[in-house]
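Reading through the structure tokens given below for one structure.
The values are calculated or read from the model by the stated rules, or taken from the named source; none is laboratory data. All figures in this text were calculated on a predicted structure; none of them were measured in a lab. Glycine gets a Cβ as well: all are built from the backbone with ideal geometry, and neighbour counts include every protein chain shown.
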Amino acid sequence: MDRSAERRFGPFAVGDYREILGRRFKIIGTTTGAASFTTAPIVFMDYGNAQELSDVIRNKASYVLVKVAPGADPQAVAAAIRRVAPYNDVYTRDEWARRSRSYWIVSTGLGMNMGVTVFLGILVGIVVVAQTLYTSAVEHVKEFGTVKAIGGSNWDIYRILGEQALIAAVVGFAVGGLMSWAIRPLMARLYLNVLVSPSFALAVFAGTVLMCLGAAMLSFRRVAGIDPALVFRT
Amino acid sequence: MRNVIEARDVTKAFEEGSQRVEVLRGVSLDVRAGEVVALEGPSGSGKTTLLSIMGCILTPSSGHVEVDGAVVDGDPDRLRHVRRRSIGFVFQQYNLFPALTALENVEYALSVKGVRRGARSQAIDVLEQVGLGDRLHFLPRDLSGGQKQRVAIARALAGSPPAILADEPTANLDTTAGRQVLRMFRDLARQEGKGLLIVTHDPSVREVADRVVGIRDGQLVKGAES
């Protein structure tokens, strides 16, 4: 039984008994990391027992797990099985993992929920960064006027604002990354793993930089219209 | 001495609602290399507008302006190019970048002027020239008014433009600091052949000026030139 089942069954140990769908089972081992998206916990049991518990799978085999011999090519084995069982779905481990993720992300609506959350986060982030940079640009309008007066172009000022946006991106990414890292133990207690791969972190960083540079566009428009003659106004 | 700035029959008018306000009316003024020209006039007389036009920040409504031999037209890029190459500004409020040290302020001006290689050593040179060799890494907030203005002068000198335009450079300084700044202006004209135009209310500027020009109601005052 997976440790995440403690939420449903309370604390348990190997050798304890628990009732599942009206039958009493002895716990002979525990797993971790097999948390369920639903309220029903995941329990691994003998297939015969499982068939007896559920009318849906009684006298049926839904899945057959094939373990390939060491050195065998899983793709080739899958292709061979497809040839002898053409009316069945045959997947390698990686293909099956991809299908499972796709099912949970696309078919269940979880992806839409997460997507909307991320979209709102980006939207709020853009608004906050844009507002911060714009306020900063307005506060330093005389300095930008001075840059223009001494011969600087709009691009010279865009570069300053761009650097500020990059600083905001780096600081924001670092703070966000540290927070994600810090809440890992807490999330683990909820049986949720925070997985941040290097490629994912890189993609988020690139997105953060783009977001901040996009947010700086509002300030770009403001400074583009600065009249260098304002340097003579006291 | 050649003219570093020439303004001929310059007029400038602004539209204020339905009214046309003429700020400058047929002004002609030259600033020669090695010369300090003081431009005096009451508030609203048009002296800052004339400074802005001669400094290529504003374009005249009519008339002819030439800076260091280059005819100035209304093209904003050309105006910027002339400002970058030929003019250094000194402002009443110093207008230093507060987050940058004295050295960085001058270095930044050099980078705006397109000087990359050797910018640091050039910046150090001009700061030493204005007597701030021991204040290179001070932020503007840690400098006195006179020192800030000297950093501003160093910034104006960065890139060695032939003309320096100063707007009320002594207005925020005490008498001693003001005199130091003015002596510095005079030395720049004498030793480096810069042409200086100083807009001022300060009578002590007369002590260092080669010419004093008065302006009233948008016109140079006859007989005021000395």
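Which residues, counting only those in the range B:53-98, are in contact (Cβ under 8 Å) with a residue 60 or more places away in the chain, among the hydrophobic types (A, V, I, L, M, F, W, C) and more than 22 Å from B:LYS12 (Cα to Cα)? B:VAL90, the sole residue that qualifies. Taken as a whole, the condition of being touching an Asp or Glu at 6+ places or on another chain (Cβ under 9 Å) and modelled with pLDDT of 90 or more applies to A:GLY145.
Every residue, every condition in (1) among the β-branched types (Val, Ile, Thr); (2) part of a strand (DSSP E or B); (3) surrounded by 17 or more Cβ atoms within 10 Å (Cβ to Cβ), yes or no:
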site	(1), (2), (3)
B:ALA7	no, yes, yes
B:GLU15	no, yes, no
B:VAL21	yes, yes, no
B:VAL27	yes, yes, yes
B:ASP30	no, yes, yes
B:SER52	no, no, yes
B:GLY63	no, yes, yes
B:ASP77	no, no, no
B:ARG84	no, no, yes
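Scanning the range B:121-161 for residues that are small (Gly, Ala, Ser), crowded, with 17+ Cβ neighbours inside 10 Å and closer than 20 Å to B:GLY195 by Cα gives B:ALA152, B:ALA154, B:ALA156, B:ALA158, B:GLY159. Per this entry, B:ALA109 is counted among residues that are farther than 28 Å from B:GLY214 by Cα and surrounded by 24 or more Cβ atoms within 10 Å (Cβ to Cβ). Of all the criteria given as (1) in contact with a Pro (Cβ under 8 Å, 6 or more places away or on another chain); (2) over 22 Å from A:TYR191 (Cα atoms); (3) acidic (Asp, Glu), the one not satisfied by A:ASP55 is (1). In summary, helices (runs of 4 or more DSSP H) completely within the range A:1-87 and bearing 3 or more residues that are over 34 Å from the mean Cα position of the chain (by Cα) occur at A:47-53, A:74-84. When B:ARG25 is tested against the conditions (1) within 14 Å of another protein chain (Cβ to nearest Cβ); (2) at negative phi; (3) in contact (Cβ under 8 Å) with a residue 60 or more places away in the chain, the lone failure is (1).
Yes/no matrix, rows are residues, columns are (1) touching a helix residue (DSSP H, G or I) at 6+ places or on another chain (Cβ under 8 Å); (2) hydroxyl-bearing (Ser, Thr, Tyr):
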{"position": "B:SER62", "(1), (2)": "no, yes"}
{"position": "B:GLY69", "(1), (2)": "no, no"}
{"position": "B:ILE87", "(1), (2)": "no, no"}
{"position": "B:PRO98", "(1), (2)": "yes, no"}
{"position": "B:LEU110", "(1), (2)": "yes, no"}
{"position": "B:GLN129", "(1), (2)": "yes, no"}
{"position": "B:PRO140", "(1), (2)": "yes, no"}
{"position": "B:LEU157", "(1), (2)": "yes, no"}
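Confirm whether A:THR108 is away from chain B (no Cβ under 14 Å), at pLDDT below 90 and under 30 Å from A:ALA34 (Cβ atoms). Answer is yes for this residue.
For every residue, the table says whether it meets (1) touching a Lys or Arg at 6+ places or on another chain (Cβ under 7 Å); (2) within 17 Å of B:HIS64 (Cβ to Cβ).
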| position | (1), (2) |
| --- | --- |
| B:ALA7 | no, yes |
| B:LYS12 | no, yes |
| B:GLY26 | no, yes |
| B:SER43 | no, no |
| B:THR49 | yes, yes |
